[in-house]
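Asker: Can you read through this structure? Questions will come right after.
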Amino acid sequence: MVIPVALALWWRAYQLAFILFIVAGLSDGLDGFLARRFNWHSRFGAMVDPLADKLLLVVTYIMLTLTSIIPWWLTAVILGRDFIIVSGAVAYHHLVGPYDFKPTSLGKLSTFCQIILAILLIINLAMIVSIPIWLAEGLILITLTVTILSGADYVWVWGRQYLRERAKV
């Protein structure tokens, strides 16, 4: 759904983008439900599912930035946070070894804020509901703040984990 959502946003077909975003969310939810219900788990699925979710969110933010809906600096902070997390995970894997990556509470809150902001902006653009400018600006600032705090939290948590593992050697 990443490419169709991106194209719909680029073409400013916001009602279509909203429908596609909802379909992507519902299919992701169904996938998760079926995996839990029938114990359909794999390491590949555990890695790919969150990456696909993140890709949809990142592409949505990039498209909303390219079409001047959200400020570039918000997308830059979101991408920077994700780059730091992925770089840290790769470095940890090469320096220490395999890890059991679990999202932090701030990480989950950051993703939640990013999703809510994106959905509300698309709803507003699709003219389904009019979102007051003060609410959109407030959500942008909240998303920015939580994203920065989340990135710092990941650096802190995984930095401490790295130091503990290195002290064992």
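The values are calculated or read from the model by the stated rules, or taken from the named source; none is laboratory data. These figures come from a predicted structure and were not determined experimentally. Note that we place each Cβ from the backbone using ideal geometry, even for glycine, and neighbour counts take in every protein chain shown.
Asker: Quick one: which residue in Asp49, Asp31 is modelled with pLDDT of 85 or more and either in contact with a Cys (Cβ under 8 Å, 6 or more places away or on another chain) or not aromatic (Phe, Trp, Tyr) (or both)?
Answerer: Result: Asp31 is the single residue among Asp49, Asp31 that is modelled with pLDDT of 85 or more and either in contact with a Cys (Cβ under 8 Å, 6 or more places away or on another chain) or not aromatic (Phe, Trp, Tyr) (or both).
Asker: Yes or no: region 98-105 includes at least one residue that is more than 19 Å from Ile140 (Cβ to Cβ) and of a type in the set (Gly, Ala, Ser).
Answerer: yes
Asker: While we're on this one: Please work out which residue is farthest from Lys102 (Cα to Cα), limiting yourself to region 1-55 and to residues that are among the aromatic types (Phe, Trp, Tyr) and surrounded by fewer than 16 Cβ atoms within 10 Å (Cβ to Cβ).
Answerer: Per the criteria, the residue is Trp11.
Asker: Also, quick follow-up: Can you tell me which condition Tyr154 does not meet? The list is (1) surrounded by 13 or more Cβ atoms within 10 Å (Cβ to Cβ); (2) more than 29 Å from Val90 (Cα to Cα), and all the others hold.
Answerer: With (1) surrounded by 13 or more Cβ atoms within 10 Å (Cβ to Cβ); (2) more than 29 Å from Val90 (Cα to Cα) applied to Tyr154, the lone miss is (2).
Asker: Quick test of your reading of the structure: Val96 fulfils all but one of (1) in contact with an Asp or Glu (Cβ under 6 Å, 6 or more places away or on another chain); (2) without any contact (Cβ under 8 Å) to a residue 60 or more places away in the chain. Name the failing condition by number.
Answerer: (2)
Matching residues to (1) among the aliphatic types (A, V, I, L, M); (2) at pLDDT below 95; (3) part of a helix (DSSP H, G or I):
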residue: Gly107; (1), (2), (3): no, yes, yes
residue: Ile122; (1), (2), (3): yes, no, yes
residue: Met127; (1), (2), (3): yes, yes, no
residue: Ser130; (1), (2), (3): no, yes, no
residue: Leu141; (1), (2), (3): yes, no, yes
residue: Val146; (1), (2), (3): yes, no, yes
residue: Val157; (1), (2), (3): yes, yes, yes
residue: Gln161; (1), (2), (3): no, yes, yes
residue: Ala167; (1), (2), (3): yes, yes, yes
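Asker: When Ala126 is evaluated against the numbered criteria (1) closer than 21 Å to Leu51 by Cβ; (2) surrounded by 12 or more Cβ atoms within 10 Å (Cβ to Cβ); (3) of a type in the set (Gly, Ala, Ser), which criterion, by number, is the only one it fails?
Answerer: (1)
Asker: So, one more: Does Ala136 qualify as being surrounded by 14 or more Cβ atoms within 10 Å (Cβ to Cβ) and small (Gly, Ala, Ser)?
Answerer: For Ala136, the condition - surrounded by 14 or more Cβ atoms within 10 Å (Cβ to Cβ) and small (Gly, Ala, Ser) - is met.
Asker: Is it true that some residue in region 74-88 is within 24 Å of Trp10 (Cα to Cα), in a helix (DSSP H, G or I) and acidic (Asp, Glu)?
Answerer: Yes, region 74-88 contains at least one residue that is within 24 Å of Trp10 (Cα to Cα), in a helix (DSSP H, G or I) and acidic (Asp, Glu).
Asker: Ok, one more. Quick one: would you say Gly88 is among the small types (Gly, Ala, Ser) and modelled with pLDDT of 95 or more?
Answerer: no
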